[in-house]
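The values are calculated or read from the model by the stated rules, or taken from the named source; none is laboratory data. Predicted model, so just to flag it, every value in this text is computed and none were measured. Here the Cβ positions follow ideal geometry from the backbone for every residue, glycine too, while neighbour counts run over all protein chains shown. Only protein heavy atoms, including side chains, enter the accessible area calculation; ligands, DNA and RNA are left aside. Shrake-Rupley method; radii C 1.70, N 1.55, O 1.52, S 1.80 Å.
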Amino acid sequence: MAFTSLDQLIKLAEQEQTFIYEVMIQSELKQKGLSRETIIKKMAEQFTVMEEAVRKGTTSSVMSRTGLTGGDGYRLHDYANKGHSFVHPSTLHTAANAFAVSEVNANMGRIVATPTAGSAGILPAVLVHALDSGKFTREQIVLTMFTASALGLVIANRASISGAAGGCQAEVGSATAMAAGTLVELAGGTPQQVGNAIGIALKNSLGLVCDPVAGLVEIPCIIRNGLHAITAQAAADMAMAGVVSIIPPDEVIHVMHEVGQQMPESLRETGIGGLAGTPTGKRLKDEVFSSEMKSKAENSGGPAKYHSAYEIIGPVMIGPSSSHTAGAVRIGNVAHQLLHEQPLHAKFSLMGSFAKTYQGHGTDLALLAGVLGLTTTDERIPNAKEYAKKTGLHYEFTNRVLGSYHPNTVLVELTGQTRKVKLLASSLGGGKIEVQELNDYPLKFSGERPALVIFHTDKKGVIADLLGILSKKGFNIARMANERFAIGGPAITICEIDNQVAEEMLAELKRDVPIIDDILLVETE
C-alpha cells in the first residue's frame, strides 16, 4: 500500500485498534508475499547495521575520506561521559550517535539510508539511545522501525525526501519527523500523538536548505544530524506531554513540498549557495578538489511512489549519499545488466546536482562501480577507479543538459565487445531510481522489481501475444511499458514483475517464442 496521508494511516491504526507498525507490516505481507518472520528479520538486520555504525563512530575516531571532518562522534561521546555538560549527558550521547553514523557515512562506510544517507544519523541515534536506556527491548525497537518507514512513506509520496528536489528539510527534516513519531509509538503513545510529533518536528525544520560545502555530505550535514536527533526526542516528549500540532501534519508536509519548490537551485544540494557559498566554503572546495586533481595526475591513467518499508529504511549502502552514491550505483548496475557483457568503454553525461557535486558525493565512483557490476553494499565502491583500470574499462565524465528531469540525472553510454546500451536515468532520493529512456526509447521503469526487457518487432497483436505467453508461464506483471521505433519496426517492451526468474526460463522464452528477438532480465539487489 502506498501511504500518502498521515490522516489515512492514523485512522487505519485507530480503526483496527493496532499500532502503526502493525499496519506497515501487514502492507509488507501483502506486497512481498513473504512470511512475517522473514520481513521482521530483514528489519532487524537493518538495525544491526545502524547500531554497528553508531558503535564504530562513538568508540573510535572515524575520519572522512577528505580529512575535512571526523572524530566528533567519539569526541562528544567522551565529553558527555565526563558529566560536565550544560544539557544532560544522555542527550549528548544521542547527538554523538548521530555524528558517529554520519562520519562512518563520510568515510564511505556501511550505513542504512533513513530515509537518505545525508540524514542517516538521526533515526539510528535515537533508536540506539533508546536501546541503551534499558527501557525498551531490541525486538520492540525493530518493530517500531516499521512505524518510521510508514511515516517516511507518507512524506516521500506527499512531498519529497530528496535534497536536490526539496532542500535539506526533505532529508534531515523528514528524518527528524520520522524519528519523533517513532519514539512516540515506542513509548506507547497513541496514533494521534504520533501525528502531533511529526507536525511539531517537521514544521520546525521548514526552510532548511541543502548547502553542502564542496558538495560533500560533511559540512554542515554531520552536525545537523546531531542537533536534529535531539530535536526529534524533544518533539516526541512534547507530543507525549499533550502538546498538539495546531497545523495538521499532512498540511505541514504539503507546505514542506511547496517551500522546496520555491527554494532557488543554489540551495538544493548543488553546493553553490548557503554555507557552500561562503569564502571559507569556496576555499575548502578548492583545497579538496585541487588535491584530488593532483592525485589524478600522479596516478593517471513525476513524483515517485514509494510502497515498501525498505524504500525508506534502506538501502543498506556504502556512503556518502543515498541519491548520489547508492542511487548512482543502482543506475550503473542496471546499465551493466542491460549491456549483458563486460563493458569496454563508458561515458557518463551528468546534469543538475549530479553534475555540480559528483566528485564530493562519490557519484563518479558509484557509477563506475555499478557499470562494473557492483551493488550498493560492495566495499570495493571507494576503489572503483582502480577496479576499472584492472578490468580495462575506459571511461569519461561530462556535463550536459539532458531535459526536464530530476536534478540527479545521468546518461550512461556503455560499449562492450558486441553490444551497446544507452540508459537515461534519475536518482530520486533514498537510493530509489527511475529509468527515463533506454536506447533513445522513452521507457520508464523503476529497478525496484525484476524487469523483463523484451526486444521484438512491432506487429499487430504482439503485445497481447506477449502478455498471454507470460501469463501462461506464471508471471504476474506489476508495471508495463512499450515503445516502437516505427510501425512494423524494432520495439521494446518492459514488464516489471513480482516473480523471481531463473536463467533457464529466459532461455526457454527466447527459444520457444518466435516474436522475441532478445530478452534480458534486470534484477533488483
### Task
Of all residues in segment 341-389, count the ones that are aliphatic (A, V, I, L, M) and over 28 Å from residue 46 (Cα atoms).
6
### Task
Please indicate, with yes or no, whether at least one residue in segment 247-255 is open to solvent by less than 40 Å² (accessible area, probe 1.4 Å) and either of a type outside the set (A, V, I, L, M, F, W, C) or more than 27 Å from residue 143 (Cα to Cα) (or both).
yes
### Enumeration of residues in segment 478-512 that are modelled with pLDDT of 85 or more, over 24 Å from the mean Cα position of the chain (by Cα) and basic (Lys, Arg)
484
### Query
How many residues are open to solvent by 70 Å² or more (accessible area, probe 1.4 Å), more than 27 Å from residue 160 (Cβ to Cβ) and not in a helix (DSSP H, G or I) when one looks only at segment 5-58?
3
### Task
Check 164, 156, 175 and return the single one that is open to solvent by less than 10 Å² (accessible area, probe 1.4 Å), part of a helix (DSSP H, G or I) and closer than 25 Å to residue 73 by Cβ.
175
### Query
Hey, residue 397 hits all of (1) within 22 Å of residue 491 (Cβ to Cβ); (2) in contact with a strand residue (DSSP E or B) (Cβ under 8 Å, 6 or more places away or on another chain) but one; which does it fall short on?
(1)
### Query
Hey, does segment 498-509 have a residue that's over 30 Å from residue 42 (Cα atoms), open to solvent by 70 Å² or more (accessible area, probe 1.4 Å) and either part of a strand (DSSP E or B) or of a type outside the set (Asp, Glu) (or both)?
no
#### Entry: Of the criteria (1) farther than 22 Å from residue 346 by Cβ; (2) crowded, with 19+ Cβ neighbours inside 10 Å, which one residue 427 fails
(1)
### Scope segment 515-525; condition modelled with pLDDT of 80 or more and open to solvent by 50 Å² or more (accessible area, probe 1.4 Å); matching residues
517, 523
### Message
Considering only residues that are among the aliphatic types (A, V, I, L, M), part of a helix (DSSP H, G or I) and open to solvent by less than 10 Å² (accessible area, probe 1.4 Å), which ones fall in segment 339-367?
### Response
339, 366, 367
### Task
Would you check if residue 185 is under 22 Å from residue 24 (Cβ atoms) and of a type in the set (D, E, K, R)?
yes
